[in-house]
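Notes for the one structure printed next.
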Amino acid sequence: MRERIPVVVQRNSRGRRVVARGLWTGAELVVTLGVVLLLLVVHQLWWTNRQARAGAEHQVRALQREWGEEPGSVTAGGDPEGDSDKTGKSNDSGAPGGRSGGGGAAARSAPRWDQAYAVIRIPRLGLVAPVAQGISKSGVLDKGYVGHYPRTAQPGRPGNFALAGHRNTHGEPFRYINRLRRGDRIDIETRDAVYTYTVGRTLARTSPRDGGVIAAVPRSNVKPYTGYTEAGSYVTLTTCTPEFTSRYRLVVWGELMDVRSR
């Protein structure tokens, strides 16, 4: 009697190979996409900060040399944890819609567009950054600079010296301005003088279109009981809130308290 040899027939082997290859290809695509996203996050959160801060520090030193000063310690991005002086102080730029204001410097003395012409120092935050004319992203804010709203006052002049800065990425000079409190110091240095403002009021959240916050007499159009009612010499800091979004604006106001000529 002949012995029968069992024969095993493998069905759909080709189909299984196709499925396996498809799964492997899909896994590779997912991993590749994850790596690309990770690199984008690293670029936005680390590289843009490093690059912008280095450029801002260089610009501050250049202004100091131009003014005939000895370049001192420069920190383009504020970090309250690293500051020992606790006696003083988006579009993710924090620029509210409308550029209303007044009391600006005469046109003949206005800085050129995108020109860095002043330095802002906030001791409580350990912040030192250049201030440039205008609030464009590519020409000013993405360089790690603080931008001056056109048609608002210049430092020390009657009216409102209104500023915008990134809260996250690109140097993020205004990242910690939410920690400022009444009485904190904000120094604005120019070629001719140092203007010292002290923080008076804050607005934790308002619309990006709230142009009243940078008016000559700053007062919110969204929350009309927040702000000032009398003419004076003010400084306004604006940035985006909450962090990593541009949905609302955070505003800090200060009043001029002292002027020191160079």
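Looking at the range 114-129, which of its residues are touching a Gly at 6+ places or on another chain (Cβ under 8 Å) and either of a type outside the set (A, V, I, L, M) or at pLDDT below 95 (or both)?
Across the range 114-129, the qualifying residues are Asp114, Pro123, Arg124, Gly126.
Go over the candidates Arg260, Arg205 one by one and state the one that is within 21 Å of Val128 (Cβ to Cβ), touching a strand residue (DSSP E or B) at 6+ places or on another chain (Cβ under 6 Å), loosely packed, with under 15 Cβ neighbours inside 10 Å and not β-branched (Val, Ile, Thr).
On inspection, the qualifying residue turns out to be Arg260.
Looking only at residues in the range 211-231 that are under 16 Å from Arg151 (Cα atoms) and of a type outside the set (A, V, I, L, M), which one is surrounded by the most Cβ atoms within 10 Å (Cβ to Cβ)?
The residue in question is Pro218.
Would you mind telling me which numbered condition in (1) modelled with pLDDT of 95 or more; (2) under 28 Å from Glu57 (Cα atoms) Val213 fails?
(2) is the only condition that Val213 fails.
Which of the residues belonging to the range 248-262 are over 18 Å from Thr198 (Cβ atoms) and at pLDDT 95 or above?
Listed by number, the residues that qualify are Tyr248, Arg249, Leu250.
Does any residue of the range 159-170 turn out to be modelled with pLDDT under 95, within 22 Å of Ala62 (Cβ to Cβ) and either surrounded by 21 or more Cβ atoms within 10 Å (Cβ to Cβ) or of a type in the set (Phe, Trp, Tyr) (or both)?
yes
Report every pair of residues separated by at least 6 positions or lying on different chains whose Cβ atoms are under 8 Å apart, first residue within the range 186-197 and within 19 Å of Tyr176 (Cα to Cα), second among the basic types (Lys, Arg) and at pLDDT below 95.
Hits for this filter: Ile186/Lys89.
For the range 171-187, give me the residue count where each residue is closer than 18 Å to Ala56 by Cβ and under 17 Å from the mean Cα position of the chain (by Cα).
Counting residues in the range 171-187 that are closer than 18 Å to Ala56 by Cβ and under 17 Å from the mean Cα position of the chain (by Cα) gives 8.
Output the residues belonging to the range 142-197 that are outside any strand (DSSP E or B) and either of a type in the set (Ser, Thr, Tyr) or touching a His at 6+ places or on another chain (Cβ under 7 Å) (or both).
Result: Asp142, Gly144, Tyr145, Tyr149, Thr152, Thr169, Glu172, Pro173, Phe174, Tyr176, Thr190.
The values are calculated or read from the model by the stated rules, or taken from the named source; none is laboratory data. All values derive from a computational prediction rather than experimental measurement. Don't worry about glycine lacking a Cβ; one is built from the backbone with ideal geometry, like all the others, and counts go over all protein chains shown.
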